[in-house]
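Read the structure below first, then the notes.
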Amino acid sequence: MLPSRASDAPFLLLVDDDEVFRERLARAFRERGYEVVTAGSVDEALAVARQESPELAVVDLRMPGRSGLELVRELRALDGSTRILVLTGYGSIATAVEAVRLGALNYVPKPADVDDLLVALARGLGEPSTQVAEDVQAPSLARAEWEHIQRVLADCAGNISEAARRLGLHRRSLQRKLQKYPPPQ
């Protein structure tokens, strides 16, 4: 369901199949004054964009089913003024060139946070990015570790034993870390 568009906040469509990552980015964009609608697939994103065209879209390249490049093409066909950033953990020069050729402003490799995306957006629009970069505050080491653990756990479909193996931790140590609340930004 779309938010009511009474405010002047920029309307952002955030598309990523990784729910934890998507919601973390959505929260960070909301904290910076954006109205955010999230989608976990190309079809969900297109349904949102057909109801109300977003001013900005952040699109993951690799998702189950149709790819983010297809979504870039279709979003540009729906509204040529939508500014699109492509985000991916599987970057290559060929896909970066293809994304830009299809109309994306920029291509950002994962891991990325909202500040990386805002800098890429400013760069894609030809604006100086120093103003955006001045506000960047690195997350605490504990927060970065917690986010990394969450991402690895999501990549392992919630399998704690596999995540512990990938992280080089004992399973019980990982379970203790997961019982703690996330550290503040």
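The values are calculated or read from the model by the stated rules, or taken from the named source; none is laboratory data. All of these numbers come straight from a predicted model, not from anything done at the bench. Virtual Cβ from ideal backbone geometry, glycine too; neighbours counted across all protein chains shown. We work out accessible area using only protein heavy atoms, side chains counted, and drop any ligands, DNA or RNA first. Shrake-Rupley method; radii C 1.70, N 1.55, O 1.52, S 1.80 Å.
So the values come out like this:
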| item | result |
| --- | --- |
| For Glu147, net neighbour charge (Lys/Arg +1, Asp/Glu -1) across residues whose Cβ lies under 10 Å away | +1 |
| Amide proton proximity set for Met63, modelled H, under 5 Å, gap of 5+ | Gly68 |
| Nitroxide proxy distance, nm - points 7 Å out along Cα→Cβ at Val97 and Ala77 | 2.4 nm |
| Per-pair calculated FRET efficiency, R0 = 45 Å: Glu55 and Ala142 via Cβ, rounded to 0.05 | 0.85 |
| Distance between modelled label sites at Ala9 and Cys156, nm, 7 Å Cα→Cβ extension | 3.5 nm |
| Cα-projected label distance for Arg176 with Val20, points at 7 Å along beta-carbon direction, nm | 1.9 nm |
| Computed lengthening from Asp43 to Arg165, 0.36 nm per intervening residue step minus Cα-Cα distance | 40.5 nm |
| Net charge of neighbours whose Cβ lies under 14 Å from the Cβ of Leu87, counting Lys and Arg as +1 and Asp and Glu as -1 | -1 |
| Accessible surface of Leu78 - all protein chains present, 1.4 Å probe, nearest 10 Å² | 90 Å² |
